[in-house]
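Peer 1: The structure follows.
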């Protein structure tokens, strides 16, 4: 644990984000390009019910598989970017290696993220089935508490991701113990750090609404301007929140640092 205040975490997260963009432009820009391409390609394989009625079953299946593959690509690239930002902030590591530690941190990060997503999905399905009938009221009653629980668990395990990036194993208990009593601090650091980008996103959203002919094609698919704008916002949020998680790790991690082991840990002074 390091003597960092709330304001220190916020300011240092902003500073680390800028340094990461300046020192690893190829990594950040490459991820942004992938996000934009995935948005445009996914939309091209998305069909309305009316369009789907004129397509064969094999075509619909193949398009669904393509969209799934694009989603997996997007997930892997965003996870790789998160790991690189954690290692940049905590170790001062640059663009190389592109896949640190032989891909072990990436594999563990994907595993934890998938397990959390699957758990949320299974709980949602189970709760909906228990309600017997699915209507708007029931969906609302299920999704709101489930979302709150998911956010709570995700924030409480937030210190685990920087540790995974450093090479730690799946130390769930250590992450949970280190974040005990710090939920609101961790939550608000993330919100405040991302606030400027969220404000830009809101402005961009209203711009899309007002300039719909420019942002969306006649078929309602994403135009290049829409895809690029969304990709830039998503990339900035990923970098900002990852940097914030890294500084929160430096502030709160104790058991996790012991689990990571000697010679590996937050040593960069950014």
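Peer 1: Hey, fewest Cβ within 10 Å first, where do 84, 254, 12 land in order? If you can, show how the numbers build up before the last one.
Peer 2: Values: 84 27, 254 12, 12 20.
Ranking 84, 254, 12 by Cβ neighbours within 10 Å, fewest first, gives 254, 12, 84.
Peer 1: What's the exposure ranking of 203, 237, going from fewest to most Cβ atoms within 10 Å? Kindly include the intermediate steps, with their values, before the conclusion.
Peer 2: Details: 203 10, 237 17.
So the residues, fewest neighbours to most, are 203, 237.
Peer 1: Right, something else. Taking neighbour Cβ counts within 10 Å as the exposure measure, how do 32, 37 sort from fewest upward? Provide the component values of the computation, followed by the final result.
Peer 2: On the way: 32 21, 37 16.
Exposure proxy ranking, most exposed first: 37, 32.
Peer 1: Rounded to the nearest 0.05, what FRET efficiency is calculated for residue 114 and residue 37 with R0 set to 30 Å and r the Cβ-Cβ distance? Intermediate results must be reported in sequence, preceding the final value.
Peer 2: Values: r = 23 Å, r/R0 = 0.76.
Plugging the Cβ-Cβ distance into 1/(1 + (r/R0)^6) gives 0.85.
Peer 1: Same structure again: Report the full-extension gain for the segment residue 57 to residue 21: residue separation times 0.36 nm, less the Cα-Cα distance, to one decimal in nm. Display every interim value, and only then the final one.
Peer 2: Values: separation 36, 0.36 × 36 = 12.96 nm, distance 4.44 nm.
Using 0.36 nm per residue and subtracting the Cα-Cα distance, I get 8.5 nm.
Peer 1: Be a star and scan segment 17-40 for residues whose amide nitrogen sits under 17 Å from the point 7 Å along the Cα-to-Cβ vector of residue 225.
Peer 2: Within reach of a label on residue 225: 40.
Throughout, read-outs are computed from the coordinates displayed, never taken from laboratory work. On a predicted model such as this, the values are computed, not experimentally measured, just so you know. Cβ: placed from backbone, ideal geometry, glycine included. Neighbour counts: every protein chain shown.
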